[in-house]
Amino acid sequence: MDWLSHPSDPRWWGSIIGSLLLSALCTWLSIAYAQRRNLIDQPGQRRSHSAPTPRGGGIGIVASALVFFCCTFTFRPMSYAMASTLILVAGIGWVDDHRPLSARLRIAVQFIAVSLLWAVLIAAQGTHGSRLPRLDEWIPMLGLTVLLVWSINLHNFMDGINGLLACQAIFIFVAFALSAMVVPSQPLLVLAAATLGFLPFNFPRARVFMGDVGSYALGLLIPLAVIAIGGFNEFEPPRSMLLTGAIASSGFVIDTSCNLCSRMLRGKRWYSAHREHLYQWMVRAGMSHARVVAWYMGWNLIVVAPVLWLLDHIAWSGDTGEGPAATGLAKAEIISTAAIYALGVALWIFGKRWCLDRVKSRGHA
């Protein structure tokens with residue numbers, strides 16, 4: 001639809017405002033629903049909150065995203081594929097919010113949901129007379145499947161304190177919406193608005209938690225929206241979008257990956273529930289949820305945002321399709337990604353040690 005690229009069109013702003021309001025309304029209604037169904041997260045040893053709080057408020061984000069996909073991208077295979085995958089992924093999270101499911105079942109449904117995405121797209125290619133993927137092109141698609149499932153669970157792991165996941169999602173959606181490499185940007189702003197509609201109910205004081213329905217949905221939408229809007233070259237994922245996506249998500253990826261490696265090296269069951277992410281240790285060290293979120297957003301604004309701006313500037317500076325400009329952009333992306341992750345790992349190690357010392361000094365080791 002042409003109006004997606006024209007901010008002067010009333011529908012451009014109307015869909016963004018409508019997404020925010022619908023998300024806020026559904027989140028507000030979810031609080032009453034959670035209280036009636038007793039969907040309440042109680043404080044506990046592995047939790048970072050101190051008062052009983054309803055869960056499942058992320059359904060507002062899901063509802064807004066589905067309305068946008070189904071009403072805006074009419075008759076587009078990608079929109080139907082994304083909507084179908086989102087329904088399955090958010091649906092298993094919604095069920096898990098009502099009664100706990102096994103990790104194997106949840107991951108199996110997530111793989112099925114992502115596989116459905118590729119099945120719809122491949123069927124659409126065949127219907128429109130385009131060629132089907134070759135055998136060697138199934139490998140990157142398999143890699144993307146694993147990446148999306150990992151992202152779903154990574155963002156679920158990081159949804160442990162008020163506002164952290166919502167603020168991260170808003171930052172990524174807006175950052176890519178402002179990028180020269182993403183056209184049109186309006187769908188990303190719609191997703192940012194949907195997340196913003198939920199945020200006041202969860203931050204700085206939580207009246208409702210996002211729940212698995214919301215964290216699973218954002219874990220899917222963050223990489224999927226960037227990949228889909230960034231475009232595919234036939235069946236190949238856009239390398240540039242994957243690298244810049246890794247940079248934009250570095251705060252969460254570094255925390256989760258370092259924590260996972262640390263637990264494995266110490267012989268702990270890495271897949272069991274725990275409270276050992278850096279953001280959780282920061283809370284245990286005495287920081288408020290708002291202060292912890294400020295630290296993570298500080299990383300995004302001070303480190304990540306300037307690097308994304310630099311890459312965007314290089315992309316704008318010339319034709320990056322072939323030749324020296326493309327080579328320069330590729331080198332800049334690789335060097336930037338390596339530098340950011342090296343810095344992030346060093347800060348994670350320093351921050352973890354600081355938190356451990358702080359906790360011990362407070363007598364809560």
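Going by C-beta contacts inside 10 Å, put 284, 37, 275 in order with the fewest on the left.
Listing 284, 37, 275 from fewest to most nearby Cβ atoms yields 37, 275, 284.
So for region 243-306, Kirkwood radius off the Cα pairs, Stokes-Einstein at 25 °C and 0.890 mPa s: how many µm² s⁻¹?
190
For residue 209, which sequence-distant residues (separation of 5 or more, or a different chain) have an amide H within less than 5 Å of its own amide H, given hydrogens modelled in the peptide plane?
55, 56, 57
Bear in mind that the values in this text are calculations on the coordinates, not laboratory data. Everything numeric here is computed off the predicted structure, so don't read it as measured data. Methodologically, a virtual Cβ is constructed for each residue, glycine included, from the backbone with ideal geometry; neighbour enumeration extends over all protein chains shown.
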